[in-house]
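The structure's right below; bear with me while I get my questions together.
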Amino acid sequence: MSNVVVVTSGKGGVGKTTSSASLGASLARAGSKVVVVDFDVGLRNLDLVMGAERRVVFDLVNVVQGDAKLPQALIRDKRLENLSLLPASQTRDKDALTEEGVGRVIDELRESFDWIICDSPAGIEKGATMAMRFADTAVVVTNPEVSSVRDSDRIIGMLDSKTCRAERGERLEKQLLLTRYDAGRAARGEMMTVEDVLEILAIPLLGIINESPDVLTASNVGCPITLHNPASAAARAYDDAARRLMGETVPLTTPRQEKQGFMARLFGRKAAA
Amino acid sequence: MDAEAITLPTIRIRGRSFMAMVVAPEFPFGDWFAALDRQLAGAPGFFADRPVVVDLAGVLEAVGQDSFPVVLEGLAARGMKIAGVEGIRPAHLAGTAWADLATNLHGREVPLNPRAGAPPPAPAHVPSLLIERPVRSGQSIVFEEGDITIVGPVASGAEVIAGGSVHVYGALRGRAIAGLKTEGARIFCRKLEAEMVGVDQLYRTAENWGPDLHGRAVQVRCDRGALRLLALD
């Protein structure tokens, strides 16, 4: 049975696209057939992060509007043959998406893929509502800072009211992916802690991705970090999150404070006091 | 005669105006009386000890003068003290049991005190709304009919507006406004981290209460025209 996952956040720049690509690659490496769909019509990025920007011919809008067949628009990843990308259009806007058309595309994708990862645009407007509309599960990407947490809370409210599942009175699983986390700064009170975020959002934790330069490096070379640098802490955290998404029980190790020098410890203590 | 006149006391007459209720029955009478009965059931004492003036102009126009006794008896049977009628000429009631009702009353329209008015303040049953999930940012829960009880948190950027009191069994991080319709409403929360609270048209934002209340169980009430936040623990 296929599973439609929306990766969403409300706020921009928190790591939705990076997380969509990384989770997609992790799930594909585990053997599932995965497609990652870019819903950010007009500001497409997923093709760049997945290194497929020079292979885009048709896109989501073409398929939604019936100008192209789905197999024409799907781009198969060169590194993993069971990972595909359905890119967004860069020249159109979000109004080009219709509920009927998106529903048809999702139904067609369900026939050939195990996981359909919908990379939502930022905001709460049409692009975001279309991305979440047909979801079975939601991954809420949040940074440990107040504005991101509040926007995520807003999105959770929408997931509970504006999705097909919610309207049918069914449960839509929502899980938190905390990205750009820095345990040291959280310990010093400069950043919200995991507990702070969980207390406010009150949804289960899917994973914690530490702030890491490896993530940006992977994005810049157009390769999901789980493929580019599988040994990195961030890649392992995404792999764990993907396994939890598949229903496995993987113990979650709360990131410890990185080893720090004497001076840092000294200042850290001062700030905490 | 003269002697008698001297011993009799002087009659003193004072003028006083009373407020009379004006009711205007409408055709078909079955429906109108059913609606009246429902309203009386909600506020049984509404017409007690109040003079009632019956506006029969509509009845005269719809079905004519023959139905006047029926209508008036229907009202009297419900305990209304009919002091007069208006909208018709005295001749219309001639020959009926109601012929001596005053037909030429003067008065001016007075707005009714809404509290004395129809169903809303029905004291017997105060409805309440129970919400058993977190109220998320951007959501607005409005329940003007009564109290709101929330089992869970109210997020920053969410608002809860109640005609009566607001009870939050969780952290209140957004806005809560109580007492839209009733006096004496309060806000209760397990953990005050609110952006704004308001009771009885008075409100206060977070920067106007001390940090010592932050994070505590608090009730908010209106006391002699001032908003008070009191710790519960």
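State all residues of the range B:11-29 that are loosely packed, with under 10 Cβ neighbours inside 10 Å and either modelled with pLDDT under 75 or of a type in the set (Gly, Ala, Ser) (or both); if no residue qualifies, say none.
B:15, B:16, B:17, B:18
Check every one of the strands (runs of 3 or more DSSP E) wholly within the range A:112-231 and list those with 2 or more residues that are surrounded by fewer than 17 Cβ atoms within 10 Å (Cβ to Cβ).
Of the strands (runs of 3 or more DSSP E) lying wholly inside the range A:112-231, none has at least 2 residues that are surrounded by fewer than 17 Cβ atoms within 10 Å (Cβ to Cβ).
Please tell me if residue B:85 is of a type in the set (A, V, I, L, M, F, W, C), closer than 26 Å to residue B:107 by Cα, crowded, with 17+ Cβ neighbours inside 10 Å and touching a Pro at 6+ places or on another chain (Cβ under 6 Å).
No.
Quick check: is even one residue across the range B:156-173 touching a helix residue (DSSP H, G or I) at 6+ places or on another chain (Cβ under 6 Å), modelled with pLDDT under 95, under 26 Å from residue B:211 (Cβ atoms) and within 14 Å of another protein chain (Cβ to nearest Cβ)? Let's see the steps before the verdict.
If we filter the range B:156-173 for residues that are touching a helix residue (DSSP H, G or I) at 6+ places or on another chain (Cβ under 6 Å), which is where we start, we get B:156-157.
After this cut, where a residue has to be modelled with pLDDT under 95 as well, the list is B:156-157.
Still in the list and also under 26 Å from residue B:211 (Cβ atoms): B:156-157.
Then keep just the ones that are within 14 Å of another protein chain (Cβ to nearest Cβ); that gives B:156-157.
Yes - at least one qualifying residue is present in the range B:156-173.
Having 2 or more residues that are farther than 20 Å from residue B:100 by Cβ and more than 28 Å from the chain's Cα centre (by Cα) is the bar; report the helices (runs of 4 or more DSSP H) wholly within the range B:2-74 that clear it.
Where helices (runs of 4 or more DSSP H) fall fully within the range B:2-74 and carry at least 2 residues being farther than 20 Å from residue B:100 by Cβ and more than 28 Å from the chain's Cα centre (by Cα), they are B:2-7, B:57-63.
Between residues in the range A:153-175 that are away from chain B (no Cβ under 14 Å) and over 13 Å from residue B:134 (Cα atoms) and residues that are part of a helix (DSSP H, G or I) and of a type in the set (Val, Ile, Thr), which pairs lie under 7 Å by C-beta distance while being six or more apart or on different chains?
none
State the number of residues belonging to the range A:112-138 that are small (Gly, Ala, Ser) and within 14 Å of another protein chain (Cβ to nearest Cβ). Break it down into steps so the answer makes sense when it comes.
Quick first cut of the range A:112-138, residues small (Gly, Ala, Ser) only: A:112, A:120, A:122-123, A:127-128, A:131, A:135, A:138.
Filter once more, so that each one left must be within 14 Å of another protein chain (Cβ to nearest Cβ): A:123, A:128, A:138.
Of the residues in that region, 3 qualify.
Shifting gears a bit: Filter the range B:174-193 for residues that are in a strand (DSSP E or B) and either under 23 Å from the mean Cα position of the chain (by Cα) or farther than 17 Å from residue B:218 by Cβ (or both) and give the result.
Scanning the range B:174-193 gives B:177, B:178, B:186, B:187.
Filter the range A:65-111 for residues that are among the hydroxyl-bearing types (Ser, Thr, Tyr) and assigned to a loop (DSSP other than H, G, I, E, B) and give the result.
Passing the criteria: A:89, A:91, A:98.
The values are calculated or read from the model by the stated rules, or taken from the named source; none is laboratory data. Source: prediction; values computed, not measured. No Cβ is skipped: glycine too gets one built from the backbone with ideal geometry, and neighbour counts run over all protein chains shown.
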